[in-house]
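Have a look at the structure below before the remarks.
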Amino acid sequence: MAIYGTAILSFCLICGLIVGKLIGLAIGIDANVGGVGIAMLLLILITGRLQSSGLMAKPTESGVLFWSSIYIPIVVAMAASQNVRAALSSGTVAILAGTVVVVFSFAMVPLISRLGRSDEHLGSDSEGDRA
């Protein structure tokens with residue numbers, strides 16, 4: 001059954017690479033734009049859907065977890081090193097765009113953290129109202 005986990009991961013990677021290549025072609029760049037990220041999102045969405053519907057067996061889930069824990073960090077590291085090299089050789093616009101995205105992401109952490117805490121408080125208040 002672990003082979004099914006490998007098949008799901010492979011399907012997501014191929015779809016992500018195709019979509020990333022199409023995005024690159026659409027914006028006039030001969031490169032894969034976001035293919036690995038799209039593949040990871042697909043993997044999360046598909047496995048989440050399969051788990052919630054009860055269609056994913058434990059061995060399949062173990063296969064997905066095994067390969068994602070090994071494979072995805074390696075691919076992300078390779079993609080990140082290529083992006084840094086391209087950004088440094090392309091000029092300041094690429095570096096500025098990357099910096100803006102990182103700063104925005106860091107700024108979103110407290111907001112997301114506050115939203116998570118407010119959801120926890122809402123759950124405890126509604127239980128207290130029932131008692």
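Quick look at the values:
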{"item": "Share of carbon and sulfur in the accessible heavy-atom surface of the range 1-73 [1.4 Å probe, %]", "result": "75"}
{"item": "Calculated FRET efficiency for the pair residue 70/residue 14, C-beta based, R₀ 22 Å, to 0.05", "result": "0.80"}
{"item": "17 Å cut-off, amide nitrogen to a point 7 angstrom out along residue 22 Cα→Cβ, residues in the range 32-56", "result": "32-43"}
{"item": "Using a Förster distance of 25 Å, the FRET efficiency for residue 49-residue 106 (Cβ separation, nearest 0.05)", "result": "0.25"}
{"item": "Order by protection proxy (mean Cβ within 10 Å, highest first), peptides 46-57, 100-111, 8-19", "result": "8-19, 46-57, 100-111"}
{"item": "Mean accessible surface per residue for the range 14-53, computed with a 1.4 Å probe while every protein chain stays in place, in Å²", "result": "63"}
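The values are calculated or read from the model by the stated rules, or taken from the named source; none is laboratory data. In this text, all values refer to a predicted model and were calculated from it rather than measured experimentally. So basically every Cβ, Gly included, is an ideal-geometry build from the backbone, and we count neighbours across all protein chains shown. Side chains are part of the model used for accessible areas, which takes the heavy atoms of the whole protein and leaves out ligands, DNA and RNA. Shrake-Rupley method; radii C 1.70, N 1.55, O 1.52, S 1.80 Å.
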